[in-house]
Amino acid sequence: MSRVRILFAAVFAVLLAYAAPAIAKDIKIGLASEPTSIDPHFHNLSPNNALARHLFDRLVHTDENQALVPGLAVSWKPVNDTTWEFKLREGVKWHDGSPFTADDVVFTFTRAVNVPNSPSGFGTYLKGKEAVKVDDHTVHIKTPKPYPLMPNDMSTFSIVSKKNGEKASTEDYNSGKAAIGTGPFKFKQYVPGDKFVYVRNDDYWGDKPVWTEVTLKPIKSSPSRVAALLAGDVDMIAQVPTTDIERLKKDPKIALSQGVSNRVIYLHLDHDRDKSPFVKAKGGGDIKNPLKDQRVRTAISKSINRDAIVNRVMEDVAIKAGQLLPKGFFGVSPKLKPVDFDPEGAKKLLADAGLKDGFELTIHGPNDRYINDAKIAEAVAQMLTRVGIKTAVETMPRSVYFKRASRGGPDKTPEFSFILVGWGAGSGEASSPLKSLIHTHDKSKGFGASNRGRYSNPEVDKLIETALATVDDAKRQDLLAKATEVAIGDVAIIPLHYQVNTWGTRKGLKYKARTDEATMAVGVVEE
Amino acid sequence: MTAYVIRRLMQSVVVVLIMSVIVFFGVNVVGDPVDMLINPEADQEDIENAIRALGLDKPVGEQYLYFLKNAFSGNLGRSFIFGEPALQLIVQRMPATLELAIAALLMAVFIGIPLGLYAGLKPDSSTSRTIMAGSILGFSLPTFWVGLMMIMVFAVMLGWLPSTGRGETATFLGITTSLFTLNGLQHILMPALNLALLKISLVIRLTRAGTREAVHQDYIKFARAKGLSPHRVVFVHLLKNILIPVVTVIGLEFGSLVAFSVVTETIFAWPGMGKLLIDSIQQLDRPVIVAYLIIIVLMFVTLNLIVDILYSILDPRVRLGEREA
């Protein structure tokens with residue numbers, strides 16, 4: 001009898017062992033924003049790019065910390081000043097079984113910049129670059145000038161299949177017909193406004209995902225997203241609101257995954273105009289723009305209690321900032337530390353600048369763009385008012401704010417004097433904020449597009465431009481760090497903090513928090 | 001009646017035209033869609049290219065004429081965000097919203113009228129008082145709060161119903177809707193009730209007021225005196241007469257259920273038109289906003305017409321053709 005029982009147990013155990021891998025594992029993820037298309041080249045926007053990574057691969061991939069790792073290219077190197085060579089991975093198959101070759105890469109270069117009706121495409125990363133097929137698994141990419149950021153740029157856009165993409169429109173991708181990638185998941189279903197359903201690609205060349213089926217559901221309303229997680233309708237949600245974090249930490253059914261992002265929240269000041277529209281003398285009269293005085297800018301930075309912002313406003317879900325990117329990223333300076341809170345020092349600097357009685361200022365900011373953005377602007381205003389800079393707050397929806405902040409004034413100049421903004425370094429290294437925020441606003445060179453304070457320092461410009469033409473990584477790193485040090489020394493901008501992102505999962509799951517804020521099923525692991 | 005309908009239709013064309021001017025110029029005052037669409041890493045040249053590609057470099061007047069020209073051939077513009085025709089986007093999401101609105105309307109009718117009738121016939125009973133107190137709550141509690149509370153209680157705490165989203169759909173007689181599946185019905189119950197709450201209260205109050213007024217009128221007294229059964233008095237003589245204002249209001253309210261279920265759809269992540277509208281407003285997807293509002297105007301005009309025709313059926317004294325519109 002007992003022998004029979006043992007036999008049964010053994011058979012059962014063997015069956016179980018065989019059955020276990022076959023058990024379907026589904027995961028449902030609640031997204032905070034809705035991707036607008038499955039076509040990976042339709043719109044260069046974070047939710048779309050994160051979605052594209054499920055079905056498609058890029059030549060170069062990025063890990064959780066945006067470090068570059070091999071993707072569809074196994075290695076890359078510059079072969080001369082203006083040519084990079086990418087060796088492609090062999091044996092990779094598209095979801096329809098056809099092989100991946102250099103032709104697909106060359107085709108992607110033409111398609112990614114030329115999608116009809118695309119609101120904004122990948123021209124930013126592809127213009128001036130030409131892809132040439134050397135053999136089936138080697139591609140040369142040529143640029144007119146030396147270009148060190150080639151691998152970074154190659155990590156931004158998905159490679160699509162020439163066979164399936166040549167005649168395909170965006171609609172064909174959305175219907176699934178052309179949604180043939182090399183990625184870890186395959187297309188199953190797309191219900192616009194409701195969900196994306198993908199299934200595992202069992203022939204994936206990389207680490208196979210744990211999940212057999214993935215459902216991505218956009219749930220924009222934050223309380224509803226949290227409720228969906230609590231009710232068990234989804235297994236994970238992106239962007240847990242800071243107000244719910246304390247409560248969810250105590251919930252035994254929920255686990256949180258947190259990580260610092262590449263996004264710095266900072267203040268931009270008017271470095272340009274002698275009479276700035278939102279700067280007034282005490283009592284409301286005209287005043288020569290005091291923000292052009294470095295002592296005043298330093299005083300503003302010293303009067304801000306960054307610890308209080310991080311603890312109180314952000315509920316500890318942020319890290320105080322002293323430069324453009326948190327430590328660990330390429331090109332950050334080891335020397336720069338967050339400015340200490342020093343209201344007495346600030347008052348003294350103001351007195352030195354001849355502004356003993358202070359002045360009046362308005363801070364403008366968005367109220368639906370960054371985590372707690374309006375509350376941060378209010379806190380900053382109160383802190384400045386304490387040292388004698390009487391500060392009013394005006395916040396508005398981002399749809400109105402960014403136009404006014406970038407070009408709402410006369411002759412398309414920035415309208416405001418003192419603004420709260422954020423910057424996420426898409427390329428994952430310091431040249432991204434340096435060239436857009438810090439470099440002199442120069443349309444012909446394409447630099448300073450988001451330099452809304454019109455800060456301009458020829459020394460910094462030169463450092464940035466030299467860095468962007470230096471292929472040697474070590475030298476470039478030093479140049480970027482130096483440029484950051486000089487700009488922060490000038491108080492070109494006032495960094496406040498780096499955002500920390502929070503994902504919520506049911507207990508037993510963990511998300512590898514990403515600095516680029518992307519939410520992807522491959523990053524969800526079982527503990 | 002045909003002449004009347006034609007005249008009404010011509011009036012609506014004028015209304016739609018005026019509406020399109022107001023909406024088109026209105027949305028063009030607010031912000032700049034390019035800032036919503038462009039990747040922050042883009043440089044000045046990319047930004048200007050995007051502005052040109054969307055036709056936003058042209059004066060507003062010229063943009064409007066271009067829009068009007070296309071509109072006459074049935075093209076209400078292309079969404080900036082999705083790149084698809086705005087009309088197609090709206091039509092795609094319409095079934096989800098319609099089923100939600102119909103479910104809410106049915107609740108309003110089948111819960112509101114009986115309760116209102118009861119409260120009107122027995123105004124002093126404690127049940128009636130409870131009904132009326134409940135209807136005040138239905139009026140005054142904000143929809144988003146009630147929605148969230150329902151999710152907390154029925155989805156999170158009790159786990160009876162799914163928290164968000166639309167359920168599985170099934171096709172029957174060529175109509176694809178989630179009303180035909182159990183899973184779909186489970187999903188629709190909370191959002192529909194949330195949407196219906198205000199309408200139920202409204203119908204209760206209207207029905208009760210109508211009943212209270214009608215029971216004292218001579219024809220009811222006469223019907224009673226004739227010895228008709230109370231059943232017949234209430235359900236034939238009384239109900240038919242108090243239904244006229246109720247039908248008018250329900251007709252118009254159905255319009256607002258379809259057009260402005262924005263809050264409910266957002267909270268329950270319901271993939272309908274309301275969610276599309278609020279997303280489009282937030283992201284300044286101008287073509288979709290304009291197309292949406294034009295469709296809504298058309299819908300209201302049509303609903304009004306239907307209500308007028310129903311009137312003439314319910315009340316033989318109303319003759320549509322004879323009225324000066």
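The values are calculated or read from the model by the stated rules, or taken from the named source; none is laboratory data. As the structure is a prediction and not an experimental result, all values here were calculated from the model. With ideal geometry, Cβ positions are generated from the backbone for all residues, glycine too; neighbour counts draw on all protein chains shown. Just the protein is used for accessible areas: all its heavy atoms, side chains included, with ligands, DNA and RNA removed. Shrake-Rupley method; radii C 1.70, N 1.55, O 1.52, S 1.80 Å.
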### Qualifying positions in the range B:1-34 - without any contact (Cβ under 8 Å) to a residue 40 or more places away in the chain and within 14 Å of chain A (Cβ to nearest Cβ)
B:GLY26, B:VAL29, B:VAL34
### Query
Pick from the range A:177-205 the residues that are polar (S, T, N, Q) and buried (at least 19 other Cβ atoms within 10 Å of the Cβ): which of them is farthest from A:ILE237 (Cα to Cα)?
A:THR182
### Query
Looking at this structure, is A:VAL11 at pLDDT below 90 and either more than 14 Å from chain B (Cβ to nearest Cβ) or open to solvent by 20 Å² or more (accessible area, probe 1.4 Å) (or both)?
yes
#### Entry: the range A:206-222 - residue that is within 10 Å of chain B (Cβ to nearest Cβ), open to solvent by 10 Å² or more (accessible area, probe 1.4 Å) and not in a strand (DSSP E or B) and, of those, nearest to A:ALA518 (Cα to Cα)
A:LYS220
### Message
Condition first: closer than 21 Å to A:ARG404 by Cα and open to solvent by less than 30 Å² (accessible area, probe 1.4 Å). Now tell me which residues in the range B:57-80 satisfy that.
### Response
B:PHE80
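Yes/no per residue for (1) under 29 Å from A:THR215 (Cα atoms); (2) within 14 Å of another protein chain (Cβ to nearest Cβ); (3) free of Cβ contacts under 8 Å to residues at least 40 places away in the same chain; (4) surrounded by 20 or more Cβ atoms within 10 Å (Cβ to Cβ):
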| residue | (1), (2), (3), (4) |
| --- | --- |
| A:ALA50 | yes, yes, no, yes |
| A:LEU72 | yes, no, no, yes |
| A:LEU88 | no, no, no, yes |
| A:PRO116 | yes, yes, no, no |
### Query
touching a residue at least 60 places away in the same chain (Cβ under 8 Å), surrounded by 22 or more Cβ atoms within 10 Å (Cβ to Cβ) and not small (Gly, Ala, Ser): does that describe A:ILE141?
no
### Output for the range A:234-288, where each listed residue is part of a loop (DSSP other than H, G, I, E, B) and out of contact with any helix residue (DSSP H, G or I) (no Cβ under 9 Å at 6 or more places or on another chain)
A:PRO252, A:LYS275, A:PRO277, A:PHE278, A:LYS282, A:GLY283, A:GLY284, A:GLY285, A:ASP286, A:ILE287, A:LYS288
### Summary
Within the range A:427-438, of all residues that are in a loop (DSSP other than H, G, I, E, B) and more than 10 Å from every other protein chain (Cβ to nearest Cβ), the one modelled with the lowest pLDDT is A:GLY428
### Task
Could you please let me know if A:LYS412 is open to solvent by 10 Å² or more (accessible area, probe 1.4 Å) and within 12 Å of chain B (Cβ to nearest Cβ)?
yes
### Task
Mind counting the residues in the range A:223-233 that are of a type in the set (A, V, I, L, M, F, W, C) and either facing another protein chain (nearest Cβ under 7 Å) or part of a loop (DSSP other than H, G, I, E, B) (or both)?
4
### Query
If A:ASP307 satisfies every condition in (1) farther than 30 Å from A:LYS327 by Cβ; (2) open to solvent by 10 Å² or more (accessible area, probe 1.4 Å); (3) out of contact with any helix residue (DSSP H, G or I) (no Cβ under 8 Å at 6 or more places or on another chain) but one, which is the exception?
(1)
### Query
For the range B:256-277, which residues satisfy the criterion of being more than 20 Å from B:GLY112 (Cβ to Cβ), part of a loop (DSSP other than H, G, I, E, B) and within 14 Å of the chain's Cα centre (by Cα)?
B:GLY272
### Criterion (in contact (Cβ under 8 Å) with a residue 60 or more places away in the chain and either within 22 Å of A:LYS28 (Cα to Cα) or of a type in the set (Lys, Arg) (or both)) met by exactly one of B:LEU179, B:LEU148, B:LEU158, B:LEU117
B:LEU148
### Query
Do we have A:ILE300 as of a type in the set (A, V, I, L, M), in a helix (DSSP H, G or I) and more than 24 Å from the chain's Cα centre (by Cα) here?
yes
### Query
So which of B:ALA104, B:ALA42, B:ALA50 is surrounded by 22 or more Cβ atoms within 10 Å (Cβ to Cβ) and more than 11 Å from chain A (Cβ to nearest Cβ)?
B:ALA104
#### Entry: Unique match (being farther than 25 Å from B:ILE295 by Cβ and aliphatic (A, V, I, L, M)) among B:VAL27, B:VAL34
B:VAL34
### Query
A:ARG476: over 19 Å from A:LEU291 (Cα atoms) and either more than 9 Å from chain B (Cβ to nearest Cβ) or open to solvent by less than 50 Å² (accessible area, probe 1.4 Å) (or both), yes or no?
yes
### Members of the range B:49-74 that are assigned to a loop (DSSP other than H, G, I, E, B) and among the small types (Gly, Ala, Ser)
B:GLY55, B:SER73, B:GLY74
### Query
Could you list, in sequence order, the residues of the range B:82-92 that are in a helix (DSSP H, G or I) and open to solvent by 10 Å² or more (accessible area, probe 1.4 Å)?
B:LEU87, B:GLN88, B:VAL91, B:GLN92
#### Entry: Cross-chain or 6+ apart pairs with Cβ under 6 Å, the range B:40-69 first and in contact (Cβ under 8 Å) with a residue 24 or more places away in the chain, then part of a helix (DSSP H, G or I)
B:VAL60/B:ASN28; B:TYR64/B:PHE24
### Task
Could you tell me whether any residue of the range A:311-323 is touching a strand residue (DSSP E or B) at 6+ places or on another chain (Cβ under 9 Å), within 14 Å of chain B (Cβ to nearest Cβ), in contact (Cβ under 8 Å) with a residue 24 or more places away in the chain and of a type outside the set (Gly, Ala, Ser)?
no
### Task
Looking only at the range A:327-343, decide whether some residue is surrounded by 23 or more Cβ atoms within 10 Å (Cβ to Cβ) and either within 15 Å of A:GLY388 (Cα to Cα) or of a type in the set (D, E, K, R) (or both).
no
### Task
Examine the range B:8-17 for a residue that is within 30 Å of A:HIS439 (Cα to Cα) and open to solvent by 20 Å² or more (accessible area, probe 1.4 Å), and state whether such a residue exists.
no
## Note on the structure
A careful count of residues in the range A:166-176 that are more than 14 Å from chain B (Cβ to nearest Cβ) and in contact (Cβ under 8 Å) with a residue 12 or more places away in the chain gives 2
